[in-house]
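Everything on this sheet refers to the single structure shown next.
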Amino acid sequence: EKAGFDHFMLKEIYEQPKAYRDTMRGRIGEDGKSVLLKELQMSDEYVKSIRKVQIVACGTAYHAGLVGKTVIESLVRIPVENDVASEYRYRSPIITPDTLVIVVSQSGETADTLAALREAQRNGARVLAITNVVGSSVAREADDVLVTWAGPEIAVASTKAYTSQLIAFYLLGLHMTRVLGTQETSQEEEMITALQQLPEQVEEILQQAAVLKQVAESIAHHRSLFFIGRGVDYAVAQEGSLKLKEISYIHSEAYAAGELKHGTLALIEDDVPVIALVTQEALYEKTLSNIKEVKARGAHVLSIVNSGFELEAAKSVDEVFAIPKTLPLLTPALAVVPLQLLSYYASLALGHDVDKPRNLAKSVTVE
Ligand code: M6R
């Protein structure tokens, strides 16, 4: 059932191109120029009435929501808040009838996420669920459901469910954009074209897995490391850090690159690995200057950059891994893949149970 792979996690990482295609299938018009989410019950009138979005989830699904915030805010220009479900429930969130609450859950059975959904509905908000399990509790109770067609995810560490959630957010953002007319048609079309190229681009990254295996083996003996990035790169950094902690048990922290000098820089000393995501062209210079700060303190820096920027980046870092070029908003769907492989190979090098990390369950149905 592992289809020749040593672990479910690796199999699921390699299933991502298919998961992207399956999640997009039937949701992009024949002409390849428009997004059609026929399954949504919400009317265009309703979409026009939304004044605020709250995205609520746990763990990796929460991290997908962080990217979702940037997608919705930049495409649709409606303010978005992100909440961890266990916090949302108890902070008396301001939920009004013109708030769209989006819950994200691979399993659709996470106790806190389900409770958040109910809390939102009790307050008169409409709830849209992004979930991988048709017929799950979250899917049954939500007002609208956008299924991620990633297929069953067995490994505790979520990979293809996360990236399919990103695809769902891109589709939802494009749907709302079309209804509200917030982007030029040409921009929408450009994004749809770029979306459809992602599966092949993930395949290109997977072909370079051997390089990442080597890097993973070199970081596996470190006690602690850092992930840095700005904008959506920071969101991906948080997911990369969780993945590494979860299965390799190596301590790591994700930092917004610009925040380092407000405290964490004190932890950077000789040989500390720093994984820097530098995929947002408008922020290249800013992040490079943060990289120089950690390099000056002896950090060993691996950077994930867009193809075409390798040579420039190589002047400032120790190792460079390039991902294929796509639109800035879409880079998370590519940049996370090398981070998934790094955690997988680090866990493997340390001899841990990759698919069933200690203390963790696949589905958290208790508070
Ligand atoms: O099934 P859900 O998406 O609701 O699960 C949420 C988290 O428990 C889950 O993403 C967890 O963080 C993963 N083990 C991370 O890899």
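The values are calculated or read from the model by the stated rules, or taken from the named source; none is laboratory data. A quick note: this is a predicted structure, and the numbers were derived from the prediction, not measured. In this analysis, Cβ positions are derived from the backbone assuming ideal geometry, glycine residues included, and neighbour counts consider all displayed protein chains. Remember, those area values only see protein heavy atoms, side chains included, never the ligands or the DNA or RNA. Shrake-Rupley method; radii C 1.70, N 1.55, O 1.52, S 1.80 Å.
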* Asked: Here are some residues: Glu188, Glu246. Which one is of a type outside the set (Gly, Ala, Ser) and more than 18 Å from the chain's Cα centre (by Cα)?
  -> Glu188
* Asked: Do we have Glu30 as surrounded by fewer than 23 Cβ atoms within 10 Å (Cβ to Cβ) and part of a loop (DSSP other than H, G, I, E, B) here?
  -> yes
* Scan segment 340-367 for residues that are surrounded by 20 or more Cβ atoms within 10 Å (Cβ to Cβ), out of contact with any Phe, Trp or Tyr (no Cβ under 8 Å at 6 or more places or on another chain) and either modelled with pLDDT under 85 or not hydroxyl-bearing (Ser, Thr, Tyr) (or both) and jot them down. => Gln340, Leu341, Leu342, Ala346, Leu348
* Has segment 98-114 got at least one residue that is farther than 30 Å from Lys213 by Cα, open to solvent by 10 Å² or more (accessible area, probe 1.4 Å), assigned to a helix (DSSP H, G or I) and in contact with a strand residue (DSSP E or B) (Cβ under 9 Å, 6 or more places away or on another chain)? -> yes
* Would you mind finding the one in Ala150, Ala157 that is within 10 Å of the ligand (Cβ to nearest atom) and in a loop (DSSP other than H, G, I, E, B)? => Ala157
* Structure fact -> Residue hits (segment 268-292; over 24 Å from Leu334 (Cα atoms), touching a Lys or Arg at 6+ places or on another chain (Cβ under 9 Å) and surrounded by fewer than 17 Cβ atoms within 10 Å (Cβ to Cβ)) are Glu269, Asp270
* Asked: Which ranges mark the strands (runs of 3 or more DSSP E) fully within segment 168-279 that have 2 or more residues being free of Cβ contacts under 8 Å to residues at least 40 places away in the same chain?
  -> 251-256
* Out of Ile323, Ile275, sole residue that is closer than 18 Å to Ser252 by Cβ and among the β-branched types (Val, Ile, Thr) -> Ile275
* Structure fact -> Residue hits (segment 56-106; among the polar types (S, T, N, Q), away from the ligand (no atom under 13 Å from the Cβ) and within 17 Å of the chain's Cα centre (by Cα)) are Thr70, Ser74, Asn82
* Sort out which residues of segment 129-145 are buried (at least 24 other Cβ atoms within 10 Å of the Cβ) and away from the ligand (no atom under 14 Å from the Cβ), and write them in order of number. => none
